[in-house]
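Please treat every number below as a calculation from the coordinates, not as lab data. Computed from a predicted structure; not experimentally measured. Positions of Cβ are backbone-derived with ideal geometry, glycine not excepted, and every protein chain shown enters the neighbour counts.
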Amino acid sequence: MTISLSDAGKRFNRDWIFRHFNYHFEAGQSYAITGPNGSGKSTLLQVLGGGMMISEGRCQWARATGNLDPEKVYTHVSICAPYLEVVEEMTLKEFLDFHHGFKPFLAGISTEDIIAAMGLEKAINKQIRFYSSGMKQRVKLAQCIFADTAIVLLDEPCTNLDAEGIALYHRLITEYCKNRLVVVSSNDEVEYQFCRERIAITHYK
């Protein structure tokens with residue numbers, strides 16, 4: 001899977017969030033989008049995931065078999081972000097089974113495997129609304145990383161995680177994201193220290 005942006009720009013009203021952005025993202029590589037709060041990192045991430053249209057230029061997604069229809073891109077993308085909510089009235093098992101109905105898990109991975117990997121076995125039958133903020137973040141990471149998608153987008157992925165949770169996050173990246181296209185949006189290096197390429201959004205203003 002590849003994503004190519006050519007002279008891409010996004011604006012809201014008269015304000016340009018980024019402009020003249022040229023970049024080629026490839027499978028098996030990890031990228032960090034860095035910059036201060038409010039600089040447009042999340043906006044660029046949403047463009048990469050096909051959830052937001054650009055205002056100028058071109059954004060193209062492709063597989064080995066050819067270009068993807070922009071309206072089908074979402075089937076190849078999973079995302080973890082603070083602004084995305086989980087269904088808090090469900091138990092963890094119910095939520096993961098529900099999510100699995102929309103996107104399959106990675107080959108050979110079951111709901112029970114995910115719960116064990118996330119260290120949430122004791123909370124399997126508890127409604128998510130009773131989880132701590134850190135536990136909820138683990139759930140968000142689980143539904144993103146264990147989905148069988150070619151593109152993994154992570155927006156401030158360690159939000160509310162303690163040291164143990166951050167270590168878990170890095171283990172998941174190492175074990176399950178090797179051959180995928182991973183993009184991390186963050187201004188905290190602990191979240192993107194594994195990324196080989198780093199893109200400062202402020203360079204495209």
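Each residue of segment 90-100 is assigned a 3J(HN,Hα), and the resulting list reads 8, 6, 4, 4, 4, 5, 5, 5, 4, 4, 4 Hz, derived from the Karplus form 6.51 cos²θ - 1.76 cosθ + 1.60 (θ = phi - 60°), x at Gly and Pro.
Measuring nothing but how far apart in sequence close Cα pairs (under 8 Å, 6+ apart) lie, relative to its length, the chain scores a relative contact order of 33 percent.
Phi angles across segment 135-144 convert, under the Karplus curve 6.51 cos²θ - 1.76 cosθ + 1.60 with θ = phi - 60°, into 3J(HN,Hα) values of 5, 4, 5, 4, 5, 4, 5, 4, 5, 7 Hz, Gly and Pro given as x. Tell me, which longest segment in the chain has none of the chymotrypsin sites (Phe, Trp or Tyr not before Pro) that fall in DSSP loops with at most 12 further Cβ atoms within 10 Å? It works out to 103-205. Within the straight-line cut-off of under 19 Å between alpha carbons, the aspartates and glutamates reachable from K10 are E56, E71, D155, sequence neighbours fewer than 8 places apart in one chain being disregarded. Would you mind checking K41/K140; K93/K122; K72/K93; K103/K140 for any pair whose Cα atoms are more than 23 angstrom apart? Table pairs above 23 Å Cα-Cα are K72/K93. Across segment 170-186, computed HN-Hα scalar couplings (Karplus, 6.51 cos²θ - 1.76 cosθ + 1.60, θ = phi - 60°) run 5, 5, 5, 4, 4, 7, 10, 10, 4, 9, 10, 8, 10, 10, 10, 9, 6 Hz from first to last residue, x flagging Gly and Pro. Near E56, the amide H atoms lying under 5 Å from its own belong to G9; only residues 5 or more places off or on other chains count, and H is placed 1.01 Å from N.
Compared with the direct C-alpha span, the chain from F194 to M53 gains 47.9 nm at full extension, assuming 0.36 nm per residue. Specify the residue with the greatest mean-square fluctuation among R180, R171, R138, computed from a Gaussian network of the chain linking alpha-carbon atoms under 10 Å apart. Comparing R180, R171, R138 in the GNM, the peak value goes to R171. By the beta-carbon count within 10 Å of each Cβ, the least crowded to most crowded order of V182, V190, fewest first, is V190, V182.
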